[in-house]
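Worksheet: the structure to be examined is printed underneath.
No lab work stands behind these numbers, since they all come straight from the coordinates. What you see is a predicted model; the values in this text were computed from it and never measured. In this analysis, Cβ positions are derived from the backbone assuming ideal geometry, glycine residues included, and neighbour counts consider all displayed protein chains.
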Number of protein chains: 10
Amino acid sequence: MSRNDVTEKIMTAKVLNGISWASVAEKVGLSKEWTTAACLGQMTLTAEQAAIVGDIFGLDADERKWLQVVPYKGSLPTAVPTDPLIYRWYELVNVYGTTIKELIHEEFGDGIMSAIDFSMDMQRQNDPKGDRVRVVLSGKFLPYKTY
Amino acid sequence: MSRNDVTEKIMTAKVLNGISWASVAEKVGLSKEWTTAACLGQMTLTAEQAAIVGDIFGLDADERKWLQVVPYKGSLPTAVPTDPLIYRWYELVNVYGTTIKELIHEEFGDGIMSAIDFSMDMQRQNDPKGDRVRVVLSGKFLPYKTY
Amino acid sequence: MSRNDVTEKIMTAKVLNGISWASVAEKVGLSKEWTTAACLGQMTLTAEQAAIVGDIFGLDADERKWLQVVPYKGSLPTAVPTDPLIYRWYELVNVYGTTIKELIHEEFGDGIMSAIDFSMDMQRQNDPKGDRVRVVLSGKFLPYKTY
Amino acid sequence: MSRNDVTEKIMTAKVLNGISWASVAEKVGLSKEWTTAACLGQMTLTAEQAAIVGDIFGLDADERKWLQVVPYKGSLPTAVPTDPLIYRWYELVNVYGTTIKELIHEEFGDGIMSAIDFSMDMQRQNDPKGDRVRVVLSGKFLPYKTY
Amino acid sequence: MSRNDVTEKIMTAKVLNGISWASVAEKVGLSKEWTTAACLGQMTLTAEQAAIVGDIFGLDADERKWLQVVPYKGSLPTAVPTDPLIYRWYELVNVYGTTIKELIHEEFGDGIMSAIDFSMDMQRQNDPKGDRVRVVLSGKFLPYKTY
Amino acid sequence: MSRNDVTEKIMTAKVLNGISWASVAEKVGLSKEWTTAACLGQMTLTAEQAAIVGDIFGLDADERKWLQVVPYKGSLPTAVPTDPLIYRWYELVNVYGTTIKELIHEEFGDGIMSAIDFSMDMQRQNDPKGDRVRVVLSGKFLPYKTY
Amino acid sequence: MSRNDVTEKIMTAKVLNGISWASVAEKVGLSKEWTTAACLGQMTLTAEQAAIVGDIFGLDADERKWLQVVPYKGSLPTAVPTDPLIYRWYELVNVYGTTIKELIHEEFGDGIMSAIDFSMDMQRQNDPKGDRVRVVLSGKFLPYKTY
Amino acid sequence: MSRNDVTEKIMTAKVLNGISWASVAEKVGLSKEWTTAACLGQMTLTAEQAAIVGDIFGLDADERKWLQVVPYKGSLPTAVPTDPLIYRWYELVNVYGTTIKELIHEEFGDGIMSAIDFSMDMQRQNDPKGDRVRVVLSGKFLPYKTY
Amino acid sequence: MSRNDVTEKIMTAKVLNGISWASVAEKVGLSKEWTTAACLGQMTLTAEQAAIVGDIFGLDADERKWLQVVPYKGSLPTAVPTDPLIYRWYELVNVYGTTIKELIHEEFGDGIMSAIDFSMDMQRQNDPKGDRVRVVLSGKFLPYKTY
Amino acid sequence: MSRNDVTEKIMTAKVLNGISWASVAEKVGLSKEWTTAACLGQMTLTAEQAAIVGDIFGLDADERKWLQVVPYKGSLPTAVPTDPLIYRWYELVNVYGTTIKELIHEEFGDGIMSAIDFSMDMQRQNDPKGDRVRVVLSGKFLPYKTY
């Protein structure tokens, strides 16, 4: 048994029972972004969170234990994603990568925007010309240290 | 001569003369994100914008023409970026890719978040535990059409 | 269970029962292109469409639910396809890629031809020197926005 | 000297002198698609065509000879294109690849759609919801022979 | 079930029952090259051919249907083959690739040698210094069309 | 200076002076296949052959020496060739690879067809349905030795 | 069933019963190098050899037949091996590759050292500073032929 | 300037002046294998060795300094070598890789054969059936340590 | 059965029974680093060590034998790791690779730091600004030998 | 001009003038590890540090400005390094990757060891059995945040 087996079981239960990620997040008490990532095998749950998720998706005791183990992260089957929705994000990194780098360095100096001390929030943005996806990313700036 | 030559000349002028992207954007009259991407060879300028940029970076008439040609986009030398700052963004796509996909589909149905009808805004977010990089992405949702 | 399992079941039923894609499309009431892509795990069906497809291919209730979930798209096992028919299309993109780019930009300016707001129509074109495959592609032009 | 040098010289002359592909095609007397591909180093010109193209772009006698040599074809720098406009075409092959294969085989049997005995026509399709790019591809069907 | 399953079953029956490809080809009434390729999942059989092959290898009715479906072609597990016999052919393409290209173009002009309207014949060539493998390839020349 | 520089000089002289490979081979006194490969930097010439080739293409004394050095072989810029003519040969290896392997082993047992003790002959094959490229390959069979 | 299944069965029997390759080679009557390669699915056994190997590892009649079939060779899961012992050999090829090429050509002229008419012998070489692995490789030199 | 520049200069001098590696090694006083690798940019020379090599190939004082710097090793342009002579060595690692691993472990236990405390000796082995290349490799066995 | 099966069984037992690597190491009597690597299929255990590990994780007699076989090493599914924690180590090699090389060569001359005669020790380093991971690596320096 | 040009100039000056990294670090007043990485184009210097480095290596005013610009990091030419010294470090990540992950998570929970708030110290460790390279790595632990 592995975390992947649990993730597949969660996805199957979600599809067959029509469970929404928003409803899972509400019960877990965290954002829908973190909660979904955790259910998809990218984050680590506490025993309490695993119990809530286990009840929602019908997981047994062993499966709940796997949810509490730090997973081997990386959710995509290929280095360049083939799915069009995910590819557009890869395209942003590819087209705007040097721009992102230049502007963060201009404001903060040498360092990175953390992907660990990080949060993401996605919302529908109503727009008469067609609704938009609005995503707010917030990552702590970590400066390179000299030593 | 090619657009890459112009991009390299812009970068060299920026470094040697200490020009900031924010100041360029202010003169162009557009966001610092779009302006920087354009100067880095990813976007197409109008004749007026090219004249402003050309004055700032000391470009001749031919070089200004290249700025008005649609470039072959893609700013990274490898499919998986080696630079740590840019890699963190690739890591976000890799770790959160399926999460992003699930949540956009849950809210909007099948389709994508456009990387063309798109904007990005980066700001410093003051925080007593360490300042953060706050990025707002906004992309039009484009639903798959049946036919 | 996953969408791939449903796709394989559809393909097996198609082969063993001699079902044509044209007949499926007629019953679904959409083009044969969209319908085939949906049956091959690339598009999302409504409940009504899933019921029709389910009846044709003998799918049970759970399998019909998977047809209504947005799939992870990408139908090819390798980045460069090995199958000769599909490779010829890859070759078109490779040989004519810069031509396509030049001509769309010459007519429309910077932007892309959408692969989402898109349709495709394939027909036999009778020709005394050997019949031809005629394909009409239609994609909305999406201009890059400045911001 | 190589064909690539001639292609770069053509592109530079085009940008600096504002030459349109449509005007080149008109003078050559062939479609804008074939003519552009030829100028971009993908097709072979006759001596007469090379003379016309040479006059337009200011090529000398040696450069005109290179236009008449069969080039090493393939116009993209990477196996998966990074440019968003060209990527959308790669995405079509990736998402619709198996669909294209199924439908051509359903109509014609085993074989391929030729990329050699082939033509392409791109046009603007006016549409009140946003103009579209309409592309007609026509390739001879070539059946696999038994022997 | 898939065509691969049928191919594996054919290979197993061949090994365990000591069937030769030459004998299969004789019964099918076509060359040993085409017949072997078909049995290995690369070509499409008619109902009559599938019945003959099915009798030889003990295939049931469903498996015989799969033989009549156009397969997803490509018989090698890696882009550069690791098997020494097959690698030598890849090496020929790699070392002689540009030579083949030059000589076909010198004789025929721009175009390709078809891999579809194509035949191959392999024979033992007796030689006192060691027997040789003699292979005759014959492919229709397909010229690029202007349009 | 390197062998590549000599190859490029040969190609340039060939294009600008309209030299045919057949005429070079006739003067060298070997097949057009071997001679072309040698001129393209894949084979090693003797001093006499280098003198003949040097006279034809206008090479100086140093360049003639490079022709007599064993080159680093491999004539293609990518592992999977993008040029359509050369790709068709790669496709033959990919589609027919396992067939070639099976039939050589059926006739000869375990071993390979040599790509070193090897010859190739290309000819035009007149055909009322369209002329064909006929290629005869002959390679010594080399059996695996036990020890 | 496939040759891989037989290889896995041999490995499992070896581990569980503590069989040494040296003892297998002694019974087969050939070198330990060839015998091990054959048991690992890289060489082809005669019926007599297969019977001996089958008795040692407890293979049934069908499995012994697979040992007599020429295998698809290549024993490594990745193009660059990850296992440190095997990697050191890859490193030798990488670091000394051009040296090996230069010295064989200096002694023999253009051609290769055969990997088919080849033998390998590994022995412990006692050394007070630490025992060494001594490997003797012997491959027939095969000169390129002109034609 | 870099070590690669010095290597290219050495190769050019070798070709134009007809210098043999054996003669260089004799003057340096080390094996032809180590000496050739050093001249090809893979090993580090002492000041005395660099002086000898510099005299042979006509290197100036700066170039001799580069010979004394530890180079970035790796002599091949691609991960899988395209040159047939070098490929045969890669093929040995690929086909015999698991055999080499099994036999060294059987004799020595877990560890590696060093590629650093290592020597190689190549000789012509006269043989009436065709001369052979005989290579003796000797590498210290390094056992994995527990800790 | 293979070593991978044993590794998976160990991981499952660890998760379901809440076993810590530190406790395993204490019972084995070696460092936690070596012990964990061994349990994860990267090192070879003695019979005594395998008995201890087998008791802890509930392995049967056959599984304990696999622990004593030298494994095919390499613990990551992709050449560039996707997991963020492991990626940071890859990033260190990528960013500091040339620095590490320069400094070891400056101190020791040409050679390597052994990854075989090697040990690693990880400890928590308390720090008021946030605890740190402190890792001490110790590898024997192995100088390149001349011969 | 680019940072790479400056790095190459520094390396050339170092080789030709025999400058040691230790002496540079002493003048800069930081560790030899950070200083070397900065000189090799991986870190960003202040104006004061750039002045010191510029004096040592003879850099002009423009080159000193490039040292103060955040570089595009990544010091290796291939994803898997070919140089043996650097490869051993890649091997450590490959063989010990999952071990490192397990032990850091066992001690700290989910998160990473920072490669930004990080230091490295290399020292010679005298040892009668052969001196060792001792490296101390220290990186802040960064826990994944929930949100």
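A few remarks follow.
One line per residue, one yes/no per condition, for (1) in a helix (DSSP H, G or I); (2) hydrophobic (A, V, I, L, M, F, W, C); (3) buried (at least 17 other Cβ atoms within 10 Å of the Cβ):
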residue: H:N4; (1), (2), (3): yes, no, no
residue: H:I10; (1), (2), (3): yes, yes, yes
residue: H:K14; (1), (2), (3): yes, no, yes
residue: H:I19; (1), (2), (3): no, yes, no
residue: H:E26; (1), (2), (3): yes, no, no
residue: H:L30; (1), (2), (3): no, yes, yes
residue: H:T35; (1), (2), (3): yes, no, yes
residue: H:Q42; (1), (2), (3): no, no, yes
residue: H:L45; (1), (2), (3): no, yes, yes
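- Scanning region C:10-28 for residues that are in contact with a Ser or Thr (Cβ under 7 Å, 6 or more places away or on another chain) and not small (G, A, S) gives C:W21, C:V24, C:V28.
- Restricting attention to region B:1-42, the residues being within 25 Å of D:K9 (Cβ to Cβ) and among the acidic types (D, E) number 2.
- Some residue of region D:5-18 being away from chain B (no Cβ under 14 Å), more than 16 Å from the chain's Cα centre (by Cα), touching a residue at least 60 places away in the same chain (Cβ under 8 Å) and farther than 30 Å from B:S114 by Cα: yes
- Residues satisfying the stated conditions in region B:128-147, i.e. touching a Phe, Trp or Tyr at 6+ places or on another chain (Cβ under 9 Å) and under 22 Å from I:P128 (Cβ atoms): B:G130, B:D131, B:R132
- Within region C:119-147, being at the interface with chain B (Cβ under 7 Å from one of its Cβ atoms) and within 30 Å of B:D121 (Cα to Cα) holds for C:L142, C:Y144, C:K145, C:T146, C:Y147.
- The one condition in (1) more than 14 Å from chain B (Cβ to nearest Cβ); (2) within 27 Å of E:I104 (Cα to Cα) that D:K27 fails to fulfil: (2)
- For region I:102-114, filtered to residues that are touching a Pro at 6+ places or on another chain (Cβ under 9 Å) and surrounded by fewer than 24 Cβ atoms within 10 Å (Cβ to Cβ), the residue that is nearest to J:E91 (Cα to Cα) is I:G111.
Let's see how each residue does on (1) touching a helix residue (DSSP H, G or I) at 6+ places or on another chain (Cβ under 9 Å); (2) without any contact (Cβ under 8 Å) to a residue 60 or more places away in the chain; (3) under 30 Å from F:Y96 (Cβ atoms); (4) surrounded by fewer than 22 Cβ atoms within 10 Å (Cβ to Cβ):
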residue	(1), (2), (3), (4)
C:I52	yes, yes, no, yes
C:G58	yes, yes, no, yes
C:R64	yes, yes, no, yes
C:Q68	yes, yes, no, yes
C:G74	yes, yes, yes, yes
C:P84	yes, yes, yes, no
C:L92	yes, yes, yes, yes
C:T99	yes, yes, no, no
C:D121	yes, no, no, yes
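- Scanning region E:109-118 for residues that are at the interface with another protein chain (Cβ under 7 Å from one of its Cβ atoms) and in a loop (DSSP other than H, G, I, E, B) returns a single hit, E:D110.
- Across region F:47-85, the number of residues qualifying as in a loop (DSSP other than H, G, I, E, B), away from chain D (no Cβ under 14 Å) and within 16 Å of the chain's Cα centre (by Cα) comes to 5.
- Among (1) within 30 Å of B:A115 (Cβ to Cβ); (2) of a type outside the set (V, I, T); (3) touching a Lys or Arg at 6+ places or on another chain (Cβ under 6 Å), the one test that D:K140 misses: (1)
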